[in-house]
Amino acid sequence: MNSFSYFLKLLSRKDYSTHELLQKGKEKGFNPEEINHAIAELQSKDYQSDKRLVENLIISAQGKYGKSVIKRKCYEKGINIELFEEIWQSQTAEEETDDLADLKAKIMRKYKIDSFQDLDPKTKSKLVNYLSYRGFNPFETIGNWQKEELNA
């Protein structure tokens, strides 16, 4: 099996970054020149795209995780951070407010919160952990929700 066929087989199951394909090709024992040629051919046929991979990661993780978690996942896949930032800015401008509203509603149901103005310390601690784990800045997020309630 040549490297092109091997990479095509891999990409038929899921998206891989260029970096991941390079690693897999090296592990399989293909020479670097053959690996680079195969990846270039895959990209020319639009079978592999780091940009598309980042877009899909952002879409699938939005609402569940914050920017820092998604950025770390991209970094682990060898994605250029500048590429991530560019795509993040273009995709999240208007979607972010909707996702935060959904997250707020979910949290209010989950923790039985009527108002973010008078959170007891135990609930606030749980919220901070919940938001932090998902990559959100918990104090900024809770602060924004408190401001929203005051302005409403």
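The values are calculated or read from the model by the stated rules, or taken from the named source; none is laboratory data. Computed from a predicted structure; not experimentally measured. Every residue, glycine among them, receives a Cβ derived from its backbone with ideal geometry; neighbour counts consider all protein chains shown. The area values use the complete protein model at the heavy-atom level, side chains included, leaving out ligands, DNA and RNA. Shrake-Rupley method; radii C 1.70, N 1.55, O 1.52, S 1.80 Å.
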Please work out which residue is surrounded by the fewest Cβ atoms within 10 Å (Cβ to Cβ), limiting yourself to region 67-91 and to residues that are assigned to a helix (DSSP H, G or I) and of a type in the set (G, A, S).
S90
Can you report the number of residues in region 1-22 which are open to solvent by 60 Å² or more (accessible area, probe 1.4 Å) and touching a residue at least 12 places away in the same chain (Cβ under 8 Å)?
3
Contacts under 6 angstrom Cβ, first residue in region 29-54 being on the phi > 0 side of the Ramachandran plot, partner open to solvent by 50 Å² or more (accessible area, probe 1.4 Å) and assigned to a helix (DSSP H, G or I), 6 or more apart:
none
Against the condition surrounded by 14 or more Cβ atoms within 10 Å (Cβ to Cβ), free of Cβ contacts under 8 Å to residues at least 40 places away in the same chain, more than 17 Å from the chain's Cα centre (by Cα) and farther than 30 Å from Y16 by Cα, how does F139 come out, does it pass?
no
Among the residues in region 117-127, are any over 19 Å from the mean Cα position of the chain (by Cα) and among the hydrophobic types (A, V, I, L, M, F, W, C)?
yes
Per the filter on region 109-136, residues assigned to a helix (DSSP H, G or I) and open to solvent by less than 50 Å² (accessible area, probe 1.4 Å) are T123, L127, V128, Y130, L131
Failed condition for N31, given (1) modelled with pLDDT of 90 or more; (2) surrounded by 13 or more Cβ atoms within 10 Å (Cβ to Cβ), with all others met?
(2)
Would you confirm whether any residue within region 44-66 is open to solvent by 90 Å² or more (accessible area, probe 1.4 Å), among the acidic types (D, E) and either out of contact with any Lys or Arg (no Cβ under 7 Å at 6 or more places or on another chain) or under 30 Å from G143 (Cα atoms) (or both)?
yes
